[in-house]
Amino acid sequence: MNTREQPVRRELALNKSIYLSITFVAIILGLMMAIQFRTASGIDRGVPYGREQELTAEKRQLDRDMIQLREDVADLSAKLEEAGKGYSEATDAFKSELSKIKLYAGLTAVEGPGVEVILDNLPENTRPGGNPNLYSIKDYDLLKVINDLRGAGAEAIAVNEQRILATSEVRLAGNHINVNLTKLTAPYKVSAIGNATTLKSSLEIKGGLVEYLGDLGIAVKVEAKDNILIPAFTGGLRFDYAKPTQRG
């Protein structure tokens, strides 16, 4: 083959390839235009009349459903709000009842009018003759004061800031008196909230507790107060054996 003919052949092959490519692209473009024209024609023709009525009916139903759903949401929201109010009221009632129970149980600090009773041992040189131990404050002396105040209507009692409950122990332990497992020493201050006049009169009545303790060589001072603060019980409360009964 002549060397001059080779470039010519290459040029013809390249031109042929270009022509084929242009033809292929033209065919693709033609198809795309045809498809687009058909789609546009379909849109121009619109939705068939029967189908249009169907879609309109469905839209109206959807609108009605939406209105119903909105009404249901409003109704449920109102009921939820009412339930929230009911829960809040129930919670407030529960808290109020719990506060009342804690008050009755002595687990809340309280204040009010009442009396303070100070009991102290007389100095040894001023005590009557005999055994000086016979003229010192004992646990049962404190118990008598506590019981006398309770009988006179005391609503809360404490001894040296130890709240007295039904479960409180008052017992002698050597030279001390244990109250709520706490060692106390003289002087003993018994605080009681209640009608101050009634409480004071109950202790100081002729032949009463103040006179009785004075005969034992115990100094007793009773003072009415407009306001007394009695702390809450801070010890532990355990019931290992007692359980609520299910009877009745």
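So the values come out like this:
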quantity: Among the candidates GLY106, GLY129, residue that is modelled with pLDDT under 95, out of contact with any Pro (no Cβ under 6 Å at 6 or more places or on another chain) and loosely packed, with under 15 Cβ neighbours inside 10 Å; calculated: GLY129
quantity: Among residues of the stretch 223-238, those that are under 24 Å from the mean Cα position of the chain (by Cα) and more than 16 Å from ALA156 (Cβ to Cβ), counted; calculated: 3
quantity: Selection status of ARG247, buried (at least 16 other Cβ atoms within 10 Å of the Cβ) and among the basic types (Lys, Arg); calculated: no
quantity: Single match in ALA192, ALA219 (criterion: at pLDDT 95 or above, surrounded by 14 or more Cβ atoms within 10 Å (Cβ to Cβ) and aliphatic (A, V, I, L, M)); calculated: ALA192
quantity: Among (1) more than 32 Å from the chain's Cα centre (by Cα); (2) touching a residue at least 40 places away in the same chain (Cβ under 8 Å) - the single one LEU165 does not satisfy; calculated: (1)
quantity: Selection status of LEU213, within 30 Å of ILE101 (Cα to Cα) and modelled with pLDDT of 90 or more; calculated: no
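The values are calculated or read from the model by the stated rules, or taken from the named source; none is laboratory data. Quick caveat, the model's predicted, so the values are computed rather than measured. When we count neighbours, we look across all protein chains shown, and the Cβ atoms used for this are built from the backbone with ideal geometry, even at glycine.
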